[in-house]
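Novice: First the structure, then my questions, so here it is.
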Amino acid sequence: MKTDLTDTTSSKINKALVLGRRALGTPAVGMVLTLVIVTDEENAYDALKAANDASREHPSRTLVVIKRAARSARDRAKARLDAEVRLGADASTGETVVLRLYGEVIDHAQSVVLPLLLPDAPVVVWWPVNAPADPANDPLGSLAQRRVTDAYACEQPVEELDARSDAYTPGDTDLAWTRITPWRSMLAAALDQVTCQVTSAEVEGEEFNPSVELLGMWLADRLKVPVKRLVSAGPGLTSVRLDSDCGPIVLDRPDGSLATLSIQGQPDRAVALKRRETAELIAEELRRLDPDDTYASALRYGVARLGEEKAPNPPVKKAEAAPAAAEEAPKPAAAKKAPAKKAAGK
């Protein structure tokens with residue numbers, strides 16, 4: 001069921017939602033959250049399709065905010081709100097309202113969205129493109145418990161990570177971080193199988209892919225070891241290598257689908273590590289609405305610190321030096337005794 005409203009108000013949109021539910025015979029509201037998508041006309045279709053797919057797991061009221069730029073000064077001075085209300089099969093398992101804002105109302109989008117939020121339900125705001133520099137202080141972002149951006153869609157994605165770090169507020173997250181969840185799970189599981197001390201790491205992937213930097217920052221932050229960033233032809237992340245005192249641990253995915261996990265002393269294993277669609281990423285983010293402290297810690301580590309030659313703190317230096325010292329322990333001990341006796345004779 002689809003209803004078009006031209007030059008309308010939030011009150012009329014709410015009435016259209018109620019009438020639509022009654023017409024479908026489902027007067028009760030069964031949504032668990034409100035998902036606000038802030039995008040442009042070009043990316044609205046793909047973003048809405050991903051949200052509809054994700055709503056099968058998380059029934060929600062989806063509000064798509066499209067800010068339409070007017071061509072003339074007269075049109076820019078005139079405020080207008082057009083809406084498209086979708087229910088039933090046209091909105092998957094939830095409700096969808098596409099809001100097109102014109103003129104001065106563009107600067108007051110929060111006043112349009114606020115009356116349409118589900119009462120007593122969490123709010124998530126997602127910017128597929130053109131995210132604000134400080135999502136938490138954005139008029140729409142301030143309404144949400146969770147704010148989702150995508151550094152990969154930015155003009156300079158790696159530099160965007162520094163901006164995200166400076167403006168981070170609990171509740172912020174990024175799809176570039178969500179994309180590496182399977183990698184983090186696989187690497188954590190691999191390290192649980194060994195008792196080795198990791199001394200350094202390498203991450204390899206596309207040049208302008210912020211997920212590669214985020215994975216490197218996560219490894220450096222959690223393992224306290226230097227991490228080197230390498231460039232490959234992709235697709236996406238292609239390889240992670242952890243050097244340890246009992247041999248390398250390598251997770252290699254050259255084709256973007258099937259990966260090979262290699263651990264010293266164990267047979268190689270093929271693992272499914274397929275690149276996921278946007279709908280799966282959004283569905284994962286909607287599963288948790290609390291602050292992601294792990295993401296915050298990795299983000300604050302800083303892109304500039306990747307590739308440092310030395311470990312970030314003294315305890316790690318000792319851990320790195322321990323294997324070499326243990327292997328050569330007998331020789332230095334004998335070498336030290338001989339000079340000591342000679343000096344005593346003198």
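The values are calculated or read from the model by the stated rules, or taken from the named source; none is laboratory data. A quick note: this is a predicted structure, and the numbers were derived from the prediction, not measured. All Cβ positions, glycine included, derive from the backbone under ideal geometry; neighbour counts span all protein chains shown. Note: areas computed on protein heavy atoms with side chains; ligands, DNA, RNA excluded. Shrake-Rupley method; radii C 1.70, N 1.55, O 1.52, S 1.80 Å.
Novice: Can you give the FRET efficiency to the nearest 0.05 for Met1 and Glu41, using r as the Cβ-Cβ distance and R₀ = 35 Å?
Specialist: Rounded to the nearest 0.05, the efficiency is 0.90.
Novice: For Val64, Val303, give me the order by solvent-accessible area with a 1.4 Å probe, most accessible first, ignoring ligands, DNA and RNA.
Specialist: Ranking Val64, Val303 by accessible area, largest first, yields Val303, Val64.
Novice: Would you mind pulling out the separation of the Cα centroids of region 134-162 and region 99-119, in Å?
Specialist: 19
Novice: Which sequence of His108, His58 reflects their accessible areas, 1.4 Å probe, from the largest down?
Specialist: Descending order: His108, His58.
Novice: Which of the peptides 228-239, 94-105 is most tightly packed, and how do the rest follow, going by the mean number of other Cβ atoms within 10 Å of each residue?
Specialist: The packing order, highest mean first, is 94-105, 228-239.
Novice: What is the calculated FRET efficiency for Ala188 to Glu277, with r their C-beta to C-beta distance and R₀ = 35 Å, to the nearest 0.05?
Specialist: Computed FRET efficiency for Ala188 and Glu277 comes out at 0.90.
Novice: Are there trypsin sites (Lys or Arg not before Pro) in region 32-68 that DSSP marks as loop and that have at most 16 other Cβ atoms within 10 Å, and which are they?
Specialist: Arg56
Novice: Note the full-extension length gain between Asp293 and Thr181 as 0.36 nm times their separation in residues minus their Cα-Cα distance, in nm to one decimal.
Specialist: Answer, rounded to one decimal: 38.9 nm.
Novice: By the scheme Lys and Arg +1, Asp and Glu -1, what is the net charge of all other residues having a beta-carbon under 13 Å from that of Trp127?
Specialist: Summing Lys and Arg as +1 and Asp and Glu as -1 gives -4.
Novice: Something else: Could I have the simple spin-label model distance between Ala304 and Thr93, label points 7 Å from Cα toward Cβ, reported in nm to one decimal?
Specialist: Once both label points are built, they end up 4.6 nm from each other.
Novice: For region 146-286, state what percent of all Cα-Cα pairs lands in each successive 5 Å bin, counting from 0 Å until the bin that includes the largest distance.
Specialist: All Cα pairs, binned at 5 Å, distribute as 2, 10, 19, 23, 20, 14, 8, 3, 1 percent.
Novice: Do the alpha carbons of any pairs in Lys67/Lys274; Lys12/Lys78; Lys49/Lys228; Lys2/Lys274; Lys15/Lys67 sit beyond 26 Å of each other, and which pairs?
Specialist: Beyond 26 Å between Cα atoms: Lys67/Lys274; Lys49/Lys228; Lys2/Lys274.
Novice: Further question: Fully extended, how many nm does the chain gain between Arg22 and Ser111 (0.36 nm per residue separation, minus their Cα-Cα distance)?
Specialist: Residue separation times 0.36 nm, minus the Cα-Cα distance, leaves 29.4 nm.
Novice: I've got another one for you. Send over a whole-number figure in Å² for the accessible area per residue of region 115-251, probe 1.4 Å.
Specialist: Value for region 115-251: 38 Å² per residue.
Novice: If you don't mind, another one. May I ask for the net charge around Lys274, where only other residues with Cβ less than 11 Å from the Cβ of Lys274 are counted and Lys, Arg are +1 while Asp, Glu are -1?
Specialist: Overall, the nearby charge balance is 0.
Novice: Quick one: check the C-alpha center-to-center distance for region 209-288 versus region 1-20, whole angstrom.
Specialist: 46
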